[in-house]
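Take a look at the structure below.
The values are calculated or read from the model by the stated rules, or taken from the named source; none is laboratory data. Note that the coordinates shown come from a computational prediction; the quantities given were computed from them, not determined experimentally. Quick reminder, even Gly has a Cβ in these numbers, built from the backbone with ideal geometry, and neighbours come from all protein chains shown.
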Amino acid sequence: MNETLELPFWLELVTAVLLLLGSLFALIGAVGLLRLKDYFQRMHPPALASTIGTWCVSLASIIYFSWLKQSPVLHAWLIPILLSITVPVTTLLLARAALFRKRMAKETVPEEISSGRHRGK
């Protein structure tokens, strides 16, 4: 009843590489969070790295468990899809809240941020 399927080496290797990539992206996001000096700069590395890292881990999970069950296991895609929708919205709302807080504290805000204009326009 509890038969264990032997995984081929290539499948273990692909799963391991994807998990290592996911953890590497999480580490890069954490280092970026610590190294960058301004709040507005520190927002980007964790948001981008966690999203890409989650895609790698979810893909590894789908590959691994699809092989074990001998059928496609696609419900793991819900996590990165929902993160891809919610992380940019959350990042934007946090940036607006930080900008509002700086304005209320009468701190100087760079012109590009306060007016919504970007460089090159």
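Going by the structure shown, is THR91 touching a residue at least 24 places away in the same chain (Cβ under 8 Å) and of a type outside the set (A, V, I, L, M, F, W, C)?
When the stated conditions are applied, THR91 passes them.
Pairs, please: C-beta under 6 Å, at least 6 apart or cross-chain, first residue over 18 Å from LEU13 (Cα atoms) and in region 63-77, second surrounded by 14 or more Cβ atoms within 10 Å (Cβ to Cβ) and of a type in the set (S, T, N, Q)?
These pairs meet every condition: PRO72/SER66; VAL73/SER66; ALA76/SER58; ALA76/SER61.
Part of a loop (DSSP other than H, G, I, E, B), over 12 Å from the mean Cα position of the chain (by Cα), among the small types (Gly, Ala, Ser) and at negative phi: which single residue out of SER61, SER71, SER66 fits that description? If you could, list the steps in order and put the result at the bottom.
Working: SER61 fails: part of a loop (DSSP other than H, G, I, E, B); SER66 fails: part of a loop (DSSP other than H, G, I, E, B).
Every option except SER71 fails the conditions.
What do you reckon, is GLY120 exposed (fewer than 13 other Cβ atoms within 10 Å of the Cβ), small (Gly, Ala, Ser) and either under 30 Å from GLU6 (Cα atoms) or modelled with pLDDT under 85 (or both)?
Values: exposed (fewer than 13 other Cβ atoms within 10 Å of the Cβ): yes; small (Gly, Ala, Ser): yes; either under 30 Å from GLU6 (Cα atoms) or modelled with pLDDT under 85 (or both): yes.
It is true that GLY120 is exposed (fewer than 13 other Cβ atoms within 10 Å of the Cβ), small (Gly, Ala, Ser) and either under 30 Å from GLU6 (Cα atoms) or modelled with pLDDT under 85 (or both).
Of the conditions (1) modelled with pLDDT under 85; (2) polar (S, T, N, Q); (3) loosely packed, with under 10 Cβ neighbours inside 10 Å, SER71 clears all except one; give me its number.
SER71 satisfies every listed condition except (1).
State whether the residues of region 20-29 include one that is in contact with a Pro (Cβ under 8 Å, 6 or more places away or on another chain), part of a loop (DSSP other than H, G, I, E, B) and either in contact (Cβ under 8 Å) with a residue 24 or more places away in the chain or closer than 27 Å to LEU99 by Cα (or both). Can you show your working first?
First, pick out the residues of region 20-29 that are in contact with a Pro (Cβ under 8 Å, 6 or more places away or on another chain): 28-29.
Within this subset, residues satisfying the condition of being part of a loop (DSSP other than H, G, I, E, B) are none.
No, the conditions are met nowhere in region 20-29.
Would you say ILE81 is among the β-branched types (Val, Ile, Thr), in a helix (DSSP H, G or I), loosely packed, with under 14 Cβ neighbours inside 10 Å and within 20 Å of the chain's Cα centre (by Cα)? It would help to see each step written out before you state the result.
Values: among the β-branched types (Val, Ile, Thr): yes; in a helix (DSSP H, G or I): yes; loosely packed, with under 14 Cβ neighbours inside 10 Å: yes; within 20 Å of the chain's Cα centre (by Cα): yes.
So ILE81 fits the description; yes.
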